[in-house]
Amino acid sequence: MLQTLKTAARSRRTRPPRHAWETLSDEQLLSLRFCDLKLSIQGTELEGAVLRLYRELSMRGIRFRPHCWLAQEWFSPDGIPGIAIPFYLAHRRLVSIERRFMREAEGGNRNWLMRILRHEAGHAIDTAYRLRRRAHWRAVFGPASLPYPDAYRPRPGSRRFVQHLGAWYAQAHPTEDFAETFAVWLKPKSPWRREYLGWPAYAKLEFIDSLASDIGHSKPLVSVRGTIEEVTKETRTLREHYDKKLAYYRLPRRSGADELLLKVFTAAPRNRGVAKASSVLRELRNPLRQQVLRTGAFSEYLLHQVLRLMIERCEALNLYVRGPRRELKTHLVWVIARLAESYEERQLPRVSL
């Protein structure tokens, strides 16, 4: 068995490049057009993730299967019941380029990838069955016709919304509320009945549970399988793409959490034995919460959400412990308090979309 594993590992190391551009330098790669990359979901790890999404829908009794294609960003367009997946997730080399410029690659690990796919599947199902036109849907989530904001000011203490992608994203718009709630409901073995019991959000989850039984085996009302902004047809270069993206995202992101975390952790560990920041935060989560809670300045619920955000951002940024651990707890208490202060409703910063 051990010999078989070693042989498989050697095979992966010596496997010839799938694309000629894999051996190019970053600067050479950035000069290529999207259409020259010849990217595809088929034959990649993405294909397995999409199939897993389909199995999850089937397990919930839903026959609908959103089609997927590669674009520059995550989205599910109005009028098309499908999912656009960022191009970089089709190849690990492109993931590293995305992290180089944007500090993170949304969906860059299996857990994060599935969370976003479930969310976008909610949007696609909304489109496929024209759910937002139903009076009951509007009564539960609000009118989808509300203007979509450039930014929103979340309320961390509100229990009217589920927590899924972080940054209290369900509060951004009624359609995002539905997609986030659907994603929580869809997750296999989801403990939503226990975790959200007593929350106003519980009624939204029950609504989706009932809605799934209603539409599960019905034929979608919208079945067009078109695509928008597919990268196989895009003639811009990667450099042009990142120049435009960096110009857009010069505004502070994630409400300053990334900047604070980078004061304590590092994305460039000195050796392989350094502990991952997210693992350390999980280990210290309870004692950290109790220590800050004893100050009496913040609610336990708010501290729970702040720590959850910190863990998510550490995973996204692939951060590691910096320096000796003897002073780490003191530094983390400071970060938690700073974030909790900024997230209090009276001074909560607006979150850019």
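The values are calculated or read from the model by the stated rules, or taken from the named source; none is laboratory data. Source: prediction; values computed, not measured. Cβ coordinates were reconstructed from backbone atoms using ideal geometry, including for glycine residues, and neighbour counts include every protein chain displayed. SASA here: full protein model, heavy atoms, side chains in, ligands and nucleic acids out. Shrake-Rupley method; radii C 1.70, N 1.55, O 1.52, S 1.80 Å.
Numbers for the structure displayed
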read-out	value
Subset of region 117-166 [among the small types (G, A, S) and closer than 24 Å to P188 by Cβ]	A121, G122, A124, A128, G166
Subset of region 186-198 [surrounded by fewer than 23 Cβ atoms within 10 Å (Cβ to Cβ) and in contact (Cβ under 8 Å) with a residue 60 or more places away in the chain]	K187, P188
Answer from I41, I97 - the residue that is β-branched (V, I, T) and at pLDDT 95 or above	I41
Neighbours by Cβ (under 9 Å, 6+ apart or cross-chain): first from region 212-231, closer than 30 Å to L39 by Cα and polar (S, T, N, Q); second at pLDDT below 95 and outside any loop (DSSP other than H, G, I, E, B)	T227/K233
Checklist (1) surrounded by fewer than 13 Cβ atoms within 10 Å (Cβ to Cβ); (2) polar (S, T, N, Q); (3) in contact with a helix residue (DSSP H, G or I) (Cβ under 9 Å, 6 or more places away or on another chain); (4) within 21 Å of E230 (Cα to Cα) applied to Q42, failing item	(3)
Qualifying residue in region 252-263 (condition: under 23 Å from S96 (Cβ atoms), at pLDDT 90 or above and among the charged types (D, E, K, R))	no
Output for region 138-184, where each listed residue is charged (D, E, K, R), in a loop (DSSP other than H, G, I, E, B) and farther than 19 Å from A340 by Cα	D150, R160
When residues of region 45-72 are limited to those that are among the small types (G, A, S) and open to solvent by less than 50 Å² (accessible area, probe 1.4 Å), the one nearest to the chain's Cα centre (by Cα)	A49
Of the criteria (1) of a type in the set (D, E, K, R); (2) exposed (fewer than 15 other Cβ atoms within 10 Å of the Cβ); (3) closer than 20 Å to H241 by Cα; (4) touching a residue at least 24 places away in the same chain (Cβ under 8 Å), which one E104 fails	(2)
Residue in region 318-353 that is least open to solvent (accessible area, probe 1.4 Å), counting only those that are modelled with pLDDT under 80 and in a strand (DSSP E or B)	V351
Which listed residue, of R138, R130, R118, R153, is within 21 Å of the chain's Cα centre (by Cα) and open to solvent by 90 Å² or more (accessible area, probe 1.4 Å)	R153
Residue list for region 58-77, filter: in contact with a helix residue (DSSP H, G or I) (Cβ under 7 Å, 6 or more places away or on another chain) and either in contact (Cβ under 8 Å) with a residue 40 or more places away in the chain or over 30 Å from S213 (Cα atoms) (or both)	R60, G61, I62, F64, P66, L70, A71, Q72, W74, S76
Condition broken by K276, with the remaining ones in (1) under 24 Å from the mean Cα position of the chain (by Cα); (2) exposed (fewer than 12 other Cβ atoms within 10 Å of the Cβ); (3) within 30 Å of L39 (Cβ to Cβ) satisfied	(2)
